[in-house]
Amino acid sequence: MFFLQSLLSGILTGGVYALAGIGMSLVFGVMNISNFAHGDLMMLGMYLAYFSFTLLHIDPYLSLLLIIPTAFLFGCIIEKVFIHRIINHPHQNQILLTIGLGLIMSNSALLCFTSDPKILTTSYSSSAVHIFGGISLSVPLIVSFLITCGITGILYVFLSKTTTGLALWATSQNREAAQLMGINVAKMSAIAFGLGTALAATAGALIAPTYYIHPMAGHTFLLKAFTICVLGGLGSVIGAGVGGVIIGVVESMSSTYLSSDWKDVVVFIIFLAVLLLRPQGLFGKKGEQ
Amino acid sequence: MLIAITAGIASVLPIVTGENPYVIGVMISVLMMAALSSAWNILGGYAGQYSFGHAAYFGAGAYTTMILISKFNFNPLVSIVAGIIAACIIALITGSIVFRLRGHYFGLASIAVAEIVRLSALNFDFTGGAQGILLSDVSLWGLDLNSKNPFYYGMLLVLVVTLGITLYLRTSKTGFYLQAIREDQDAAASLGINLSFYKNKALLISAALTSVLGSLYAVYIRFIDTSAVLDLRLSIEIILTAIIGGVGTLWGPVLGAVLLVPLAELLRSNVIGDALVKHGIVSETSGLGVFLKENLAHAHVLVYGIITVLCILYLPKGILGLFRRAK
């Protein structure tokens, strides 16, 4: 019973992690940049959901309609102002730049919203449904998971069926060749970063009702998102989806059977093990590392 | 030569500035960051392996020393050596994992190792967990360890040693091999350079020096916890200092520390906010005045972030890079 309980709640949480991981993987695939500001973008999503709930009285899930376009635009602007200037720089400069951007975001949040953790309490925050007798699943997590599935589905159709989506795909496979085929790769980069930001913010908003909202929350999620991407293969969207669910389950299992203090250590050990044994990830191409 | 002159000047500085503990405190921080960043520079600047997890070695030194002194009453010097051994063990494990990887993967793996060390220190009992370790009393050869001077000279000594090693590496076979690895790993390997041996050598030197600084810091402050000595923020500050001064140069990290540490200190101690108020630029009771007074002290990391972004965009080779001819 314990096993089934932690498996199911792990899958549900993992779905939201997957969303963050997919965003990061998309940015990596198209732009070949590891975005260290990803966790902080998620944190901003959490605050957006919090403030649209407390100030505008919009339900956190409904506020996604507001958050997604805002975050997309924000991401495009960041790409245009900062990221596109270092797209051909060495990796370490890209990492440092995004770290710097992340520090600016988290510490601005610290100045504006103070370090007190905020809690988003909706009428259904603590409600749960019971299935198979003893297993209880939190309602906000179920809703978040369903929304995640919906968004992932839409994203998949967008990437595989629309012209823009295919152009993004082409850019991620070979930037130069895509440019020669007449694809505006600069625009694709902006779109990819915008999408990545929107996905991060969505993941943040979805997790907001079940998590402490804190300016430094991004740190934990950043490392999780990286683990997910590496597990799935950096740049692989499907891989990130599967990786997210795996990490969710691993976390929930290690809290149940080990201790919740050590769950992050288990995640990092898996991360290193993947890097050692299968650095291309579960779904990645060989020879990229 | 320049090292000797600077060291000479630095060693008489405490006498010139008098016994003002605040000023000496800031100077110790400058020396420590300069040495940390120089030690990082051996691996990051010369071998081109950007470690984002150097806090792990700093913390290894700090924790080993504190545990041995506070629980087993070891001689501080012996515990510093023990700290070096602990840091080298972590470095060897790290090296065996991360040096097989390149680019993004290397940076990510170094963070993961550092995070495992941090979380372990946070969760084990013998490391004091979230409460950290407090040291009540320590003595060595009748030195007055309550005064700051021994630590000032200790940090200075480590800095000089680090710079000396860097200088030696620049003109030694190992140094040339490391630079060859930095410029083109595959070409270096095809010339018969043993990549993992030289990368590990650079990492071990760098980690050992970093751990000595961690030990000194721990005995100096007499209190450590994971957020002080193992945080990712520390690793980033070390890199940032080197970047601003100039990565892969002898004096870049020192220059970076001389600029950055006092700036952070000014922001942290609210000198800037007070000055703005005192000179009547901002009224103390106005909304902005109150805001500055309350918040500017927390803003130094924000300023670090802004400096990082500006530096990468406009000065990717650092301040010293401006003066070097483009290759």
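The values are calculated or read from the model by the stated rules, or taken from the named source; none is laboratory data. Please read all numbers here as calculations on a predicted model, not as lab measurements. Quick reminder, even Gly has a Cβ in these numbers, built from the backbone with ideal geometry, and neighbours come from all protein chains shown.
For the reader, a short list of remarks on this structure follows.
Conditions tested, residue by residue: (1) under 14 Å from A:Leu26 (Cα atoms); (2) modelled with pLDDT under 90.
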residue	(1), (2)
A:Ile135	no, yes
A:Phe145	no, yes
A:Gly150	no, no
A:Gln179	no, yes
A:Lys187	no, yes
A:Ala198	yes, no
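- Scope segment A:220-241; condition among the β-branched types (Val, Ile, Thr) and crowded, with 20+ Cβ neighbours inside 10 Å; matching residues: A:Thr227, A:Ile228, A:Val230, A:Val237
- Residues of segment A:154-164 include none that is closer than 30 Å to B:Ile244 by Cα, outside any loop (DSSP other than H, G, I, E, B) and in contact (Cβ under 8 Å) with a residue 60 or more places away in the chain.
- Which listed residue, of B:Leu216, B:Leu259, is in a helix (DSSP H, G or I) and over 26 Å from B:Ile69 (Cβ atoms): B:Leu259
- Applying the set (1) more than 14 Å from chain B (Cβ to nearest Cβ); (2) touching a Pro at 6+ places or on another chain (Cβ under 7 Å); (3) over 20 Å from A:Leu44 (Cα atoms); (4) among the polar types (S, T, N, Q) to A:Thr122 leaves exactly one unmet item: (3).
- Among the candidates A:Met42, A:Met24, A:Met1, the residue that is touching a Cys at 6+ places or on another chain (Cβ under 6 Å) and either among the aliphatic types (A, V, I, L, M) or over 25 Å from A:His214 (Cβ atoms) (or both) is uniquely A:Met24.
- Residue count for segment A:35-66, restricted to those that are under 24 Å from A:Lys224 (Cβ atoms), of a type outside the set (S, T, N, Q) and outside any helix (DSSP H, G or I): 4
- Unmet requirement for A:Ser138, which otherwise passes all of (1) within 13 Å of another protein chain (Cβ to nearest Cβ); (2) on the phi < 0 side of the Ramachandran plot: (1)
- Taken over segment B:120-138, the criterion of being in contact with a Phe, Trp or Tyr (Cβ under 8 Å, 6 or more places away or on another chain) and touching a residue at least 24 places away in the same chain (Cβ under 8 Å) is satisfied by B:Ala121, B:Thr127, B:Gly132, B:Ile133, B:Leu134, B:Leu135.
- Residues of segment B:219-250 satisfying the condition of being closer than 23 Å to B:Tyr152 by Cβ, part of a helix (DSSP H, G or I) and not charged (D, E, K, R): B:Val219, B:Tyr220, B:Ile221, B:Ala228, B:Val229, B:Leu234, B:Ile238, B:Thr241, B:Ala242, B:Gly245
- Enumeration of residues in segment A:114-141 that are assigned to a helix (DSSP H, G or I) and surrounded by fewer than 16 Cβ atoms within 10 Å (Cβ to Cβ): none
- When A:Ala109, A:Ala71 are screened for being within 14 Å of chain B (Cβ to nearest Cβ), surrounded by 21 or more Cβ atoms within 10 Å (Cβ to Cβ) and among the aliphatic types (A, V, I, L, M), only A:Ala109 passes.
- Near pairs, Cβ below 8 angstrom, 6+ apart or cross-chain, from segment A:240-258 (within 21 Å of A:Val27 (Cα to Cα)) to any residue that is of a type in the set (Phe, Trp, Tyr) and not in a helix (DSSP H, G or I): A:Val242/A:Phe283
- Any hit, segment B:286-308, residues being modelled with pLDDT under 85, assigned to a loop (DSSP other than H, G, I, E, B) and buried (at least 16 other Cβ atoms within 10 Å of the Cβ): no
- Per the listing B:Ala82, B:Ala60, B:Ala86, B:Ala109, the residue uniquely within 19 Å of B:Ser196 (Cβ to Cβ), aliphatic (A, V, I, L, M) and part of a helix (DSSP H, G or I) is B:Ala109.
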